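What follows is calculated from the coordinates using simple rules that are stated; it is not laboratory data. Remember, it's a predicted structure, so these values are computed and weren't measured experimentally.
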Amino acid sequence: MDKKNLRILLLGVGIGLILSSSLNLFFQSSNQKKITPEYIRAEARRLGMIEPKKYFDKSVTDQNQTADNQQLEIEEEAAVVIVIRKGNTSEDVAKLLKENNLVESENMFLNRIYARKAASKLQTGSYAFNKNMTVDEMIDAMLIGNKPSGN
């Protein structure tokens, strides 16, 4: 192989690497989930972390803390029942979750379920979800048919 052909080959490989890297960056950024303060708080609660304000703010009285904790427990315990029927698509499930304020947007849920290649694997049945559950926890429950509401 002479030098001219070697240069052309290396140039082609270099252009291919640059092009594929650019396409990967473009499509990778569109699939990333948006991290919002609510998502961070939900993840922190799920992991058992405390809110720094309640820990460091000494001006908060014990009575206010007790009321806040009781309200948080009530909100966490309030389960929303979602029913997935035979023939429901993942888009239908996303719409149900959004209508019940369990996900921020339908697209966020759909992006996550498509990334996990689970769009056609959701099990029918009734599911009880808490508002502090993550999208992945809800998807996991719907994939294995975990029906905490008893149906």
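Using equal-weight Cα scatterers in the Debye expression, the normalised intensity of segment 74-139 in log10 at q = 0.11 Å⁻¹ is -0.22. A simple rule links phi to the HN-Hα coupling: the Karplus curve 6.51 cos²θ - 1.76 cosθ + 1.60 with θ = phi - 60°, which for segment 82-98 gives 10, 10, 9, 9, 4, x, 5, 8, 5, 5, 4, 5, 4, 5, 4, 5, 5 Hz, with x for Gly and Pro.
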